[in-house]
Amino acid sequence: MRSFLSAISFLTIIPVPHRYAVERTNLSKTSIFFPVVGLLIGLFVSGIGYLLYHIFPAQVATIFVVALLASASGALHLDGLADTCDGFLSARPRDKVLAIMRDSRVGTMGVVGIIFLVIIKWTSLTNVSAGARWATIVLMPLTGRTALLVMMALLPYARSEGGLASAFLGHNGLKWWGVCIGIVLLVIISIMGFGRVGVIITATSLGVILVFCGYCYGKIGGYTGDTLGAICEISEVLPALMALVILRGGGAL
C-alpha cells in the first residue's frame, strides 16, 4: 500500500498523507504500480469527459480533457517533452544535448513540440467516434505510464551524475513486472473498447515506444528524467491517433 500511494504521490498532484509521500530512496519500488496509476487517471478523466461531452460540443469538451490529462501530473511530463525537444533537435553532440536538456529555460523547439503535441491530441481525440472515445481516454494515460517503465527497463541512465530519474535505478524485475501489468491492462481495455482492432492499437503503440527508446539510446546513450516525460507524452497521444486512423480507415468496433 505504501508503494502504491507513493506512486500516486509521484505521478499525480493528488495529495497523500505525508507518511506515504514519495521518498527518493523508494522510487524504484513504486514503479510496478505506474500502469495502475495510469489506469486510474484514465478512468477519472474518462468519467469527467463523459459529462463534458454531454454539456459542450466535442471540440470544446476535448480541450478540457486534454487539460485534465496534462494537469494530472502538474504538467511535469510536458516539461520533459519540451526539454527533450530542445536538446534532441539542437543538432549538437551528446554532452551538449544533455546540458541543454538540464537548462530550466524552454527554447523554441520545446515550445513548438508542446504546441504540436497538444494540437495532435486535441484533433485526434475530437475526431474519434463517440462510442470509442471513453476507451481512448482511458488508454492514453495508461499507455504513457507503461511507456515510462519500458524505457527505464530497457535503457541505462544516460547521465554520469545523478538526477531525479536516477532514483529509479535498480529493481529491474519490478519494472518488467510493471510492463507486463501495463500490457495486460492495455490489451483488456483495447479489446473492450475496440474489439479485435484494439490489439492492433496496442501493438502499434508499443512499437512506437520501442522506436523512441532506440532513438534516445542512439542520441544520448540512455534515458533521463526529460526523456521519460517525453515518452509519456508521446505515448499518450498514440491511442487517440491510432484509433482515429484505424476507425476512419474502416476498422470495425
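The set of residues from region 47-63 being buried (at least 21 other Cβ atoms within 10 Å of the Cβ) and farther than 19 Å from Leu117 by Cα comprises just one member, Gly49.
Pairs are defined by a Cβ separation below 7 Å, a sequence spacing of at least 6 or placement on different chains, a first member in region 221-234 that is at positive phi, and a second member that is outside any loop (DSSP other than H, G, I, E, B) and open to solvent by 10 Å² or more (accessible area, probe 1.4 Å); the pairs so defined are Gly221/Arg94; Gly222/Tyr157.
Suppose we keep only residues that are in a loop (DSSP other than H, G, I, E, B) and modelled with pLDDT under 75 within region 1-21. Which one would you say is least open to solvent (accessible area, probe 1.4 Å)? Don't jump to the end; show me each part of the working.
Residues of region 1-21 in a loop (DSSP other than H, G, I, E, B): 1, 12-17, 21.
Right, trim to modelled with pLDDT under 75 and you get 1, 17, 21.
Working: Met1: 152, Pro17: 64, Ala21: 28 Å².
Per the stated criteria, the residue is Ala21.
Residue-wise test of (1) at pLDDT 90 or above; (2) open to solvent by 60 Å² or more (accessible area, probe 1.4 Å).
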site	(1), (2)
Leu154	yes, yes
Gly162	no, no
Thr202	yes, no
Ile220	yes, no
Tyr223	yes, no
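The sole residue among Gly87, Gly74 that is crowded, with 17+ Cβ neighbours inside 10 Å and either more than 29 Å from Ser129 (Cβ to Cβ) or free of Cβ contacts under 8 Å to residues at least 12 places away in the same chain (or both) is Gly87.
Under the condition of being part of a helix (DSSP H, G or I) and open to solvent by 50 Å² or more (accessible area, probe 1.4 Å), which residue from region 90-111 is nearest to Ile137 (Cα to Cα)? I'd like the intermediate steps shown before the answer.
Taking region 90-111 and keeping what is part of a helix (DSSP H, G or I), we get 94-102, 108-111.
Cutting the leftovers down to open to solvent by 50 Å² or more (accessible area, probe 1.4 Å) gives us 94-96, 99, 102, 108-109, 111.
On the way: Arg94: 36, Asp95: 37, Lys96: 37, Ala99: 35, Arg102: 31, Thr108: 29, Met109: 27, Val111: 24 Å.
In this case the residue turns out to be Val111.
On the stretch given as region 75-97, residues that are small (Gly, Ala, Ser) and farther than 16 Å from Ile231 by Cα total 2. Cβ-Cβ distances below 9 Å connect the following pairs, each with a first residue in region 160-185 that is closer than 17 Å to Gly221 by Cα and among the polar types (S, T, N, Q), a second residue that is in a loop (DSSP other than H, G, I, E, B) and at pLDDT 65 or above, and a separation of six or more residues or different chains: Ser166/Arg159; Ser166/Thr224.
The values are calculated or read from the model by the stated rules, or taken from the named source; none is laboratory data. This is a predicted model, so every value here is computed, not measured. Note that each Cβ is placed from the backbone with ideal geometry, even for glycine, and that neighbours are counted across all protein chains shown. Heads up: the accessible areas ignore ligands, DNA and RNA and are worked out on the full protein's heavy atoms, side chains in. Shrake-Rupley method; radii C 1.70, N 1.55, O 1.52, S 1.80 Å.
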